[in-house]
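The values are calculated or read from the model by the stated rules, or taken from the named source; none is laboratory data. Source: prediction; values computed, not measured. Methodologically, a virtual Cβ is constructed for each residue, glycine included, from the backbone with ideal geometry; neighbour enumeration extends over all protein chains shown.
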Amino acid sequence: MNMEDFAYIVETKKGFNDAIVSVLKAVDQRGWVLFNVYDIKERLAAKGFDQPPLKIIEICSGKYANRFLNKNRLVSLCMPCKINVLEEKGKVKIIGMKPSMIPEFFPEVTKEEVEDVEKEVKEIIDNAK
């Protein structure tokens, strides 16, 4: 399995903080709900570890979440959707897990059902780029 099989990755010319703001705006414009933002660099620094900037942004679309949970409540292990913004070797990347991976673990959710979710997650990332 390649990284491209489960992750959608784009590089942006924006700075790290501007990329975060752009993702948050794109999430709002798409009508998705923001659950939480985790600052991994900050949390690990509090424990004495040094990491380059990394934030995990949790988002959700109620209509998709409800549909998938009605098929198998364990799909919640893949929820909410996450978009990561990280800085690596001086480059800022926006990365989302592809929802098309869900049927690999939960066959009652079809590939057709996750296509729209994946399309929207990619649009959020592309609009934030």
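Taking Asn17, is it among the polar types (S, T, N, Q) and over 20 Å from Ile124 (Cα atoms)? Quick ask: steps written out before the conclusion?
Values: among the polar types (S, T, N, Q): yes; over 20 Å from Ile124 (Cα atoms): no.
Taking the combined requirement at face value, the residue does not satisfy it.
Restricting to the stretch 28-38, give me the number of residues that are surrounded by fewer than 12 Cβ atoms within 10 Å (Cβ to Cβ) and part of a strand (DSSP E or B).
First, pick out the residues of the stretch 28-38 that are surrounded by fewer than 12 Cβ atoms within 10 Å (Cβ to Cβ): 31, 36.
If we keep only those that are part of a strand (DSSP E or B) too, we end up with 36.
Total satisfying the criteria: 1.
In the stretch 1-18, which residues are of a type outside the set (Asp, Glu), over 27 Å from Ser76 (Cα atoms) and not in a strand (DSSP E or B)? Those that are of a type outside the set (Asp, Glu), over 27 Å from Ser76 (Cα atoms) and not in a strand (DSSP E or B): Lys13, Lys14, Gly15, Phe16, Asn17.
Do we have any residue at all in the stretch 10-31 that's under 15 Å from the mean Cα position of the chain (by Cα), over 25 Å from Gly90 (Cβ atoms) and of a type in the set (S, T, N, Q)? There is no residue in the stretch 10-31 that is under 15 Å from the mean Cα position of the chain (by Cα), over 25 Å from Gly90 (Cβ atoms) and of a type in the set (S, T, N, Q).
Of the residues making up the stretch 96-129, just one is part of a loop (DSSP other than H, G, I, E, B), free of Cβ contacts under 8 Å to residues at least 40 places away in the same chain and among the hydrophobic types (A, V, I, L, M, F, W, C), namely Phe106. Selection over the stretch 51-96 of residues that are closer than 23 Å to Ile20 by Cβ and basic (Lys, Arg) gives a count of 5. Of all residues in the stretch 44-90, those being basic (Lys, Arg), in a helix (DSSP H, G or I) and under 21 Å from Gln29 (Cβ atoms) number 1. Screening Thr110 with (1) crowded, with 17+ Cβ neighbours inside 10 Å; (2) modelled with pLDDT under 95; (3) of a type in the set (Val, Ile, Thr) gives one miss only, at (1).
Return the residues of the stretch 74-86 that are surrounded by 17 or more Cβ atoms within 10 Å (Cβ to Cβ) and more than 16 Å from Ala7 (Cα to Cα); say none if nothing qualifies. If the condition is that a residue be surrounded by 17 or more Cβ atoms within 10 Å (Cβ to Cβ) and more than 16 Å from Ala7 (Cα to Cα), then Val75 is the only one that fits. Checking the stated criteria, Lys93 turns out not to satisfy the condition of being of a type in the set (Lys, Arg), free of Cβ contacts under 8 Å to residues at least 40 places away in the same chain and surrounded by 14 or more Cβ atoms within 10 Å (Cβ to Cβ). No other residue among Lys41, Lys25 is more than 15 Å from Val117 (Cα to Cα), touching a Pro at 6+ places or on another chain (Cβ under 6 Å) and in a helix (DSSP H, G or I) apart from Lys41. Filter the stretch 1-55 down to the residues that are without any contact (Cβ under 8 Å) to a residue 60 or more places away in the chain and aromatic (Phe, Trp, Tyr) and list them by number. Phe35, Tyr38, Phe49, listed by residue number.
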